[in-house]
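Each remark here refers to the structure printed beneath this line.
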Amino acid sequence: MTEPHDPEHRTGRPPAARPAEQGDGLEPGRSASSAAYDPVPAQQEGGGRPGRFWSARRIPAAVLALVVLGGTGLLLYDVAAVRAGRPAMRWRRALADELAGRPLDNIWVLAGAVAALAIGLWLLVLAVTPGLRALLPMRRDRPGVRAGLDRTAAALVLRDRAVEVSGVQSVRVRMGRGRAGVRAVSHFRELDDVRADLDTVLGTAVGELGLARPPSLSVRVRRPAKKG
């Protein structure tokens, strides 16, 4: 992480002491409940409006290109052979006869049309959606610099913070693009007190992740299941 530009660095004067910046880690000995989180609106960011990362989708593009190239090349070869006076390939004659003899309400014709429609819609969805749902965009504090955080890594950070709360025995975190679901098991202390501490600690942890769109928290606490 880079520090914000400080005008005092130009004059050669030593920088004055200042409070911790938003997104900095907690200092040793400082409790998590004392840190405040004030998300920065996207309109006030210096690096521009953050957006999702777009997937290159190399595998679907390569498969489609190979299929189109193979089909086009085979068809052009057959057309050139027919122009040269040779008979058309057997598969093209059989396909033309089948299409000419089968009615439009035939089950195979309808199945082929539905398959072609599904493939076309799938390609359109790939073309207009960003993809990379597992990568969460972070705030853009500098022009030309983009950063992302994996959802699994963000969930691990929240889980590590949650298990530090007194009374928490185990934690399971499910991190989404807009919501983080936390399920904790507490073996002592009042559940309301544990939930309140988790709300404070996890709210601070979400702010420290530096995400462009901080997810909302859903915290549930229960007692461990009784054995036998």
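The values are calculated or read from the model by the stated rules, or taken from the named source; none is laboratory data. Bear in mind the structure is a predicted one, so any value in this text is a computation, not a measurement. Because the Cβ atoms are built from the backbone with ideal geometry, glycine has one as well, and the counts that use them run over all protein chains shown.
Anything in segment 100-146 that is of a type in the set (G, A, S) and surrounded by 11 or more Cβ atoms within 10 Å (Cβ to Cβ)? List them, or say none. Give the derivation first.
Of the residues in segment 100-146, the ones of a type in the set (G, A, S) are 100-101, 111-113, 115-116, 118, 120, 127, 131, 134, 144.
Hits for segment 100-146 are G112, A113, G131, A134.
If I go through segment 102-156 residue by residue, how many of them are at pLDDT 85 or above and touching a helix residue (DSSP H, G or I) at 6+ places or on another chain (Cβ under 7 Å)? Of the residues in segment 102-156, 1 are at pLDDT 85 or above and touching a helix residue (DSSP H, G or I) at 6+ places or on another chain (Cβ under 7 Å).
Within segment 142-159, residues that are under 17 Å from G207 (Cα atoms) and in contact (Cβ under 8 Å) with a residue 12 or more places away in the chain sit with their Cβ atoms under 8 Å from residues that are part of a helix (DSSP H, G or I) and aliphatic (A, V, I, L, M), at 6+ positions apart or across chains, in these pairs: V157/A205; L158/L202; L158/A205; L158/V206. Residues in segment 205-215 that are of a type outside the set (A, V, I, L, M, F, W, C) and either at pLDDT 95 or above or touching an Asp or Glu at 6+ places or on another chain (Cβ under 9 Å) (or both): G207, E208, G210.
This table checks each residue for (1) in a loop (DSSP other than H, G, I, E, B); (2) under 18 Å from E208 (Cβ atoms); (3) assigned by TED's automatic domain parsing to the domain that holds V206.
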{"site": "R140", "(1), (2), (3)": "yes, yes, yes"}
{"site": "P143", "(1), (2), (3)": "yes, no, yes"}
{"site": "A153", "(1), (2), (3)": "no, yes, yes"}
{"site": "S166", "(1), (2), (3)": "yes, no, yes"}
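Per the conditions (1) modelled with pLDDT of 50 or more; (2) in a helix (DSSP H, G or I), the sole criterion not satisfied by W54 is (2).
Screening segment 172-210 for residues that are touching a residue at least 60 places away in the same chain (Cβ under 8 Å) and touching a Pro at 6+ places or on another chain (Cβ under 7 Å) and picking the one that is nearest to A162 (Cα to Cα) gives V206.
Let's see how each residue does on (1) under 41 Å from the mean Cα position of the chain (by Cα); (2) modelled with pLDDT under 50; (3) surrounded by 11 or more Cβ atoms within 10 Å (Cβ to Cβ); (4) outside any helix (DSSP H, G or I):
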{"site": "A20", "(1), (2), (3), (4)": "yes, yes, yes, yes"}
{"site": "G48", "(1), (2), (3), (4)": "yes, no, yes, yes"}
{"site": "A61", "(1), (2), (3), (4)": "yes, no, yes, no"}
{"site": "V68", "(1), (2), (3), (4)": "yes, no, no, no"}
{"site": "T72", "(1), (2), (3), (4)": "yes, no, no, no"}
{"site": "A81", "(1), (2), (3), (4)": "no, no, yes, no"}
{"site": "P87", "(1), (2), (3), (4)": "no, no, no, yes"}
{"site": "D97", "(1), (2), (3), (4)": "no, no, no, no"}
